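The values are calculated or read from the model by the stated rules, or taken from the named source; none is laboratory data. Just so you know, these numbers come straight off a predicted model, no measurement behind them. Cβ sites come from the backbone with ideal geometry, for glycine too, and all protein chains shown count toward neighbours. The protein model used for the area step is the full one, side chains on, heavy atoms only, and it has no ligands, DNA or RNA in it. Shrake-Rupley method; radii C 1.70, N 1.55, O 1.52, S 1.80 Å.
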Amino acid sequence: MGMTMTQKILAHGAGLDKVEAGQLIMSKLDLVLGNDITSPVAIKEMGKFNKTSVFDKDKIALVPDHFVPNKDIKSAEHCKCVREFARRNDITNYFEVGEMGIEHALLPEKGLTVPGDVIIGADSHTCTYGALGAFSTGVGSTDMAAGMATGEAWFKVPAAIRFVLKGKPAKWVSGKDIILHIIGMIGVDGALYKSMEFVGDGIQYLSMDDRFTISNMAIEAGGKNGIFPVDDITKEYLKEHTTREWTAYEADEDAVYDEEYVIELDKLKPTVSFPHLPENTHTIDDCGDIAIDQVVIGSCTNGRIADMRTAAEILKGRHIAKGMRCIVIPATQKIYMQAMEEGLLKIFIEAGAVVSTPTCGPCLGGYMGILAEGERCVSTTNRNFVGRMGHIKSEIYLASPAVAAASAIAGKIASPEDI
Amino acid sequence: MKAEGRVFKFGDNVDTDVIIPARYLNSSDPAELAEHCMEDIDAEFVKKVKKGDIIVADKNFGCGSSREHAPIAIKAAGVSCVIAETFARIFYRNAINIGLPILECPEASKAIKDGDEVVVDFDSGVITDKTTGEEFKGQPFPEFMQKIIKSEGLINYINSEK
């Protein structure tokens with residue numbers, strides 16, 4: 001019986017020739033990640049260890065991004081705790097305001113995540129790096145603490161679901177539409193405890209940014225990780241972003257999958273998830289007339305340069321609807337700079353949008369775009385749970401940057417085709 | 001080890017944003033987090049819950065964010081055990097790692113009603129609904145996780161192993 005991509009990486013991490021689904025293993029870690037919400041809890045837990053130093057100061061990444069620049073005194077205290085810990089332990093990859101970005105956009109950009117890595121992060125969207133052919137998964141603060149101290153973590157080797165992506169998606173169909181379609185199909189627990197492995201001839205049409213978006217939302221289907229094979233597009237990205245050595249793992253021909261789905265990308269349409277679960281998907285032509293108050297374009301899901309370019313393509317020379325608030329958040333300083341140099345920020349501002357420094361802010365209802373009772377938002381973020389972006393009677397509609405930008409102009413949920 | 005208390009019943013996909021809304025994540029103090037536990041799904045929960053009470057839910061409990069603040073808030077609110085049809089995987093790990101007992105038991109999750117008095121025996125995995133007299137057998141933990149739970153969390157377990 002062969003192994004999946006994920007199983008091969010975990011076998012290597014555990015120093016074993018072979019692993020199978022359900023097996024409990026202890027794996028070495030190539031990177032341990034935390035943010036300003038989860039790291040303070042982990043740092044407190046670290047204090048309980050017999051061992052007080054970190055396992056490797058180069059293999060820990062600390063990225064204050066959720067409530068920074070500090071939104072209030074308590075957040076400032078959390079960030080201070082992380083900053084002082086980083087200084088005390090001489091952590092190489094601590095990213096201060098000014099050099100930071102949203103963690104899951106920042107770390108690949110900095111070349112810290114490569115194929116074959118085993119990565120844990122105290123943030124559920126750590127699964128993003130599967131786009132590069134790494135095994136990466138979200139954990140809590142205690143796992144992060146144990147990882148920082150020992151350089152190891154325990155895993156139950158996951159079974160897998162195989163998604164065969166076929167054909168070329170239409171112009172306005174992006175990685176976001178593909179993953180929303182999949183979550184709509186299998187449900188928010190459709191991949192519970194399992195790997196989602198994406199293969200097929202269709203992936204050649206998906207940019208790295210599309211793939212990051214797809215892997216990012218594997219957790220929204222309950223998945224442990226979401227992984228792509230390494231191809232020429234991946235190699236091109238790695239050449240540009242990293243000097244680290246890497247290993248590509250391919251699934252065996254006789255690898256075992258619990259289920260297999262074939263997704264015909266050329267038949268997909270822009271897709272929107274209605275409140276209050278990502279699985280409540282509608283295609284754009286089936287959304288009806290839904291007036292909205294706010295649009296958010298950003299986050300670890302859709303704050304990358306391709307997302308900025310798509311939004312700008314639609315907003316260029318147009319203006320958002322009267323009374324609409326449109327908040328654009330480039331995910332990292334580098335993306336912000338690129339957007340500035342390409343003239344995208346000018347397009348956003350002329351269209352009536354505001355452009356923010358990188359922050360997770362509104363995605364989790366932290367700050368920078370909180371919704372009042374009864375308000376509706378089309379957002380390129382990843383969750384539309386009750387109260388996620390503000391009042392428990394507000395509503396979030398998850399969509400691609402193209403649909404979000406079109407909706408900002410129309411004042412209601414709209415297709416880019418209609419603009 | 002046993003847990004005994006009154007049941008608070010919830011449905012499918014109880015997410016970490018309703019367990020502990022992110023607007024309170026500027027704190028990591030268990031007592032402060034407990035004050036807002038389940039606030040966005042049942043604003044009265046913290047007023048009603050008593051030490052030892054038990055949460056019973058349907059599938060995918062704890063889905064969403066990796067915030068350990070979610071099981072911390074539940075434990076600090078006095079809840080002695082969570083029983084569900086299934087748990088989201090990060091919540092599952094986090095609960096074990098901080099020593100909040102949780103059990104997967106689809107039959108118990110279907111049959112037990114809000115307000116029932118329930119006893120959970122963690123050694124045998126048996127769940128007894130004292131109100132109806134029904135008994136259920138929960139999914140036992142693998143040996144490895146039992147060790148973590150017996151050590152009262154991952155950190156103590158690692159300290160004891162080294």
Elements of type strands (runs of 3 or more DSSP E) contained in the stretch B:33-128, each with 3 or more residues being open to solvent by 10 Å² or more (accessible area, probe 1.4 Å): B:117-121
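Is it the case, given these coordinates, that A:R318 is open to solvent by 30 Å² or more (accessible area, probe 1.4 Å) and touching a residue at least 12 places away in the same chain (Cβ under 8 Å)?
Numbers: open to solvent by 30 Å² or more (accessible area, probe 1.4 Å): yes; touching a residue at least 12 places away in the same chain (Cβ under 8 Å): yes.
So A:R318 passes the test.
Within the bounds of the stretch A:27-40, is there any residue that is farther than 21 Å from A:A251 by Cβ, surrounded by fewer than 14 Cβ atoms within 10 Å (Cβ to Cβ) and within 11 Å of chain B (Cβ to nearest Cβ)? Before you say what the answer is, go through the steps one by one.
Step one: list which residues in the stretch A:27-40 are farther than 21 Å from A:A251 by Cβ, which gives A:28-29, A:31-40.
Those left that are additionally surrounded by fewer than 14 Cβ atoms within 10 Å (Cβ to Cβ): none.
No - not one qualifying residue is present in the stretch A:27-40.
So which residues in the stretch A:127-173 are open to solvent by 10 Å² or more (accessible area, probe 1.4 Å) and either within 14 Å of chain B (Cβ to nearest Cβ) or small (G, A, S) (or both), if there are any at all? Before the answer, list the steps.
We begin by selecting, within the stretch A:127-173, every residue open to solvent by 10 Å² or more (accessible area, probe 1.4 Å); these are A:150, A:152, A:154, A:156, A:159, A:162, A:164, A:166-173.
Residues satisfying the conditions are A:T150, A:E152, A:W154, A:K156, A:A159, A:G167, A:A170.
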Can you confirm whether A:D289 is open to solvent by 20 Å² or more (accessible area, probe 1.4 Å) and assigned to a loop (DSSP other than H, G, I, E, B)? yes
Could you grab me the full set of residues in the stretch A:350-362 that are touching a residue at least 60 places away in the same chain (Cβ under 8 Å) and open to solvent by 10 Å² or more (accessible area, probe 1.4 Å)? A:T357, A:C360
I need every pair where a residue in the stretch A:46-72 that is closer than 12 Å to A:E96 by Cβ and away from chain B (no Cβ under 12 Å) has its Cβ under 7 Å from the Cβ of a residue that is open to solvent by 50 Å² or more (accessible area, probe 1.4 Å) and of a type in the set (A, V, I, L, M, F, W, C), sequence separation at least 6 or different chains. A:P69/A:V97
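Restricting attention to the stretch B:26-35, does a residue exist that is closer than 30 Å to A:N70 by Cβ, within 14 Å of the chain's Cα centre (by Cα), modelled with pLDDT of 95 or more and more than 14 Å from chain A (Cβ to nearest Cβ)?
Looking through the stretch B:26-35, at least one residue is closer than 30 Å to A:N70 by Cβ, within 14 Å of the chain's Cα centre (by Cα), modelled with pLDDT of 95 or more and more than 14 Å from chain A (Cβ to nearest Cβ).
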Just to check your reading of the model, which residue among B:S109, B:S124 is at pLDDT 95 or above and of a type in the set (S, T, Y)? B:S109
Return the residues of the stretch B:78-128 that are in contact (Cβ under 8 Å) with a residue 40 or more places away in the chain, within 14 Å of chain A (Cβ to nearest Cβ) and among the hydroxyl-bearing types (S, T, Y); say none if nothing qualifies. B:S109
Identify, please: which residue in the stretch A:1-26 is at negative phi and within 14 Å of chain B (Cβ to nearest Cβ) and is, among those, nearest to the chain's Cα centre (by Cα)? A:T6
In the stretch A:174-231, anything within 13 Å of chain B (Cβ to nearest Cβ) and assigned to a helix (DSSP H, G or I) is listed as A:I183, A:I186, A:M217, A:A218, A:I219, A:E220, A:A221
Look at the stretch B:129-143 and say how many of its residues are surrounded by 14 or more Cβ atoms within 10 Å (Cβ to Cβ) and within 14 Å of chain A (Cβ to nearest Cβ). 1
Do you know which of the residues in the stretch A:1-25 that are modelled with pLDDT under 95 and of a type in the set (A, V, I, L, M, F, W, C) is most open to solvent (accessible area, probe 1.4 Å)? A:M1
When you go through (1) surrounded by 15 or more Cβ atoms within 10 Å (Cβ to Cβ); (2) not in a loop (DSSP other than H, G, I, E, B) one by one for B:Q146, which number turns out not to apply? (1)
